[in-house]
Amino acid sequence: MHQLTLAEIARGLADKKFSSEELTKVLLARIAQLDPQLNSFISLTEDLALQQAKAADARRANGENGALLGAPIAHKDLFCTQGIRTSCGSKMLDNFKAPYDATVVAKLAAAGAVTLGKTNMDEFAMGSANESSYYGAVKNPWNLEHVPGGSSGGSAAAVAARLLPAATGTDTGGSIRQPAALTNLTGLKPTYGRVSRWGMIAYASSLDQGGPLARTAEDCAILLQGMAGFDPQDSTSIDEPVPDYSASLNGSLQGLRIGVPKEYFSAGLDPRIADLVMASVEELKKLGAVVKEISLPNMQHAIPAYYVIAPAEASSNLSRFDGVRFGYRCEDPKNLIDLYKRSRGEGFGPEVQRRIMVGAYALSAGYYDAYYLKAQKIRRLIKNDFMAAFNEVDIILGPTTPNPAWKLGAKNSDPVAAYLEDVYTITANLAGLPGLSMPAGFVDGLPVGVQLLAPYFQEGRLLNVAHQYQLNTDWHTRTPTGF
């Protein structure tokens with residue numbers, strides 16, 4: 001049962017081959033047995049899951065038949081869930097139980113999805129390896145000595161290890177697509193504003209976007225359908241009709257124009273990954289796609305721009321965690337200043353502190369124009385590059401990451417080396433574009449992903465291309481040994 005995809009679960013439940021309650025019990029037992037190796041969950045919600053599964057079975061008995069009705073999922077632990085710990089992977093929020101559900105949580109619950117628990121993540125979503133979590137590092141099921149990617153590494157590891165069929169994640173600079181690539185999953189970052197951020201604890205508000213992680217493009221389409229849509233409670237949510245993503249999966253790729261940026265194939269890219277990227281291009285050409293080389297000249301400025309903008313927004317967003325209203329509070333503060341200093345110093349981990357300091361510096365009086373304002377101008381140039389490219393092509397294809405998953409701890413002493421792993425993913429966040437990573441092969445037994453980018457609100461096109469690719473390849477069906 002644990003090998004079933006979301007689509008197969010929907011068919012099995014509709015055909016009464018098993019109940020949601022039976023499936024939920026099987027997966028909860030599997031999590032209890034296998035997750036100690038992975039550390040992919042922060043909280044399990046067994047009682048809630050069984051209650052939701054029974055309710056879903058009752059709804060099906062009454063004639064309902066939605067694709068998510070009775071389907072087990074998990075939420076990255078920065079989506080607020082009423083009455084359940086929402087920790088953001090941080091000591092700062094270890095004792096925080098949200099008084100309400102995030103819009104994404106509420107929408108998926110209304111669709112009948114069953115929440116098995118909250119998944120581990122880099123603290124406040126800051127990291128590319130899932131090693132900065134207060135609850136310990138997540139292990140990659142393909143090799144337990146390697147990272148699963150971050151910050152949605154818990155969701156990725158749990159789905160890759162077949163602990164559940166799909167999970168939610170968030171993507172600020174590649175935090176859905178990069179772990180998807182490193183664990184052999186399909187992961188989708190929607191257009192900025194497509195999925196509500198209300199109740200999603202913020203890292204960098206102009207970059208964060210929730211999205212699905214699953215084994216197939218078909219499953220991502222099902223989960224995104226439940227997540228997407230306008231939310232009047234979120235001022236950045238865009239009132240744009242949500243298409244039927246599953247309906248567009250089987251469109252022909254004949255004549256599809258694919259652009260491959262020459263800047264992607266630089267010295268930093270592992271040549272074996274470059275070969276797999278070009279092999280995926282050849283596969284899409286067989287399906288009728290037309291490929292041309294394009295240029296994204298400002299891509300080289302993406303990492304410095306991102307690592308000014310994101311920490312600047314983080315320093316502003318995280319100022320609310322001060323030990324006064326909620327979250328961690330230090331013992332016996334001498335005065336208000338001591339309360340602030342020690343609560344924040346003890347509650348935040350080193351990576352979060354580093355980014356807060358960088359952001360506060362970039363926003364300070366003497367440096368705002370030199371750093372933050374300049375980074376925003378570069379952001380606009382990057383967006384313009386994409387707009388020019390999409391006048392020539394329908395999608396852009398390239399590697400998701402420059403390297404396969406690295407060993408746990410290998411980049412801890414050099415944060416910049418970890419930041420460079422985001423080089424291909426952060427441009428989509430800076431420009432607000434939708435991006436998808438799909439499995440495309442293996443290097444040294446570790447998975448490799450290929451990234452697809454499309455114009456705004458063209459998630460359906462990305463899912464269509466990935467689904468057609470997956471009908472003709474079997475990379476996405478491979479399972480890590482022991483799981």
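The values are calculated or read from the model by the stated rules, or taken from the named source; none is laboratory data. As the structure is a computational prediction, the values presented were derived from the model and not from experiment. We place every Cβ from the backbone using ideal geometry, glycine too, and count neighbours over all the protein chains shown. Note: areas computed on protein heavy atoms with side chains; ligands, DNA, RNA excluded. Shrake-Rupley method; radii C 1.70, N 1.55, O 1.52, S 1.80 Å.
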Check: In the chain, what percentage of the DSSP-assigned beta bridges are antiparallel, given to the nearest 5?
Finding: 70 percent
Notebook entry, point to check: Looking at the square roots a ≥ b ≥ c of the eigenvalues of the Cα gyration tensor of the stretch 92-225, which shape do they give, rounded for a/c under 1.5, prolate if a/b is larger than b/c, or oblate?
Noted result: rounded
Next item on the list: For the stretch 183-318, calculate the relative contact order in percent as a whole number, restricting contacts to Cα pairs under 8 Å that are 6 or more residues apart.
Entry: 26 percent
Notebook entry, point to check: What order do His476, His75 take when sorted by accessible area (1.4 Å probe), most exposed first?
Noted result: His476, His75
Item checked: the chain - percent of accessible surface contributed by carbon and sulfur, probe 1.4 Å -> 53 percent
Check: Which whole-number value in Å³ per residue fits the convex hull of the alpha carbons of the chain?
Finding: 137 Å³
Notebook entry, point to check: Taking the alpha-carbon centroid of each part, what is the distance from the stretch 29-53 to the stretch 380-454 in angstrom?
Noted result: 31 Å
Item checked: Sites excluded, GluC sites (Glu not before Pro) in DSSP loops with at most 14 other C-beta within 10 Å, longest stretch of the chain -> 146-330
Checklist line | Entries in Lys107/Lys341; Lys189/Lys341; Lys91/Lys407; Lys292/Lys411 that, when Cα-Cα distance is taken, lie over 27 Å | finding: Lys107/Lys341; Lys189/Lys341; Lys292/Lys411
Margin query: Below 8 Å, C-alpha to C-alpha, sequence gap of six or more: please give me the relative contact order for the chain in percent.
Written below: 18 percent
Notebook entry, point to check: Counting other Cβ atoms within 10 Å, which chymotrypsin sites (Phe, Trp or Tyr not before Pro) in the stretch 407-482 have at most 15 and lie in a DSSP loop?
Noted result: none
Checklist line | In order through the stretch 368-376: 3J(HN,Hα) via Karplus (6.51 cos²θ - 1.76 cosθ + 1.60), integer Hz, x for Gly, Pro | finding: 4, 5, 6, 10, 5, 5, 5, 4, 5
Margin query: At a threshold of 8 angstrom on Cα-Cα distance, excluding pairs fewer than six apart, so keeping six or more, what relative contact order does the stretch 46-189 reach in percent?
Written below: 21 percent
Check: What accessible area, in Å² to the nearest ten, does a 1.4 Å probe give for Leu336?
Finding: 100 Å²
Item checked: Per-residue [θ]222 nm for the chain (sum of -39500 (n - 2.57) over DSSP H runs n ≥ 4, rounded to 500) -> -11000 deg cm²/dmol
Notebook entry, point to check: When the Cα atoms of the stretch 363-474 are enclosed in a convex hull and the volume is divided per residue, what value in Å³ results?
Noted result: 122 Å³
Checklist line | Alpha-carbon Rg/Rh ratio, for the stretch 116-191, with Rh computed the Kirkwood way | finding: 0.92
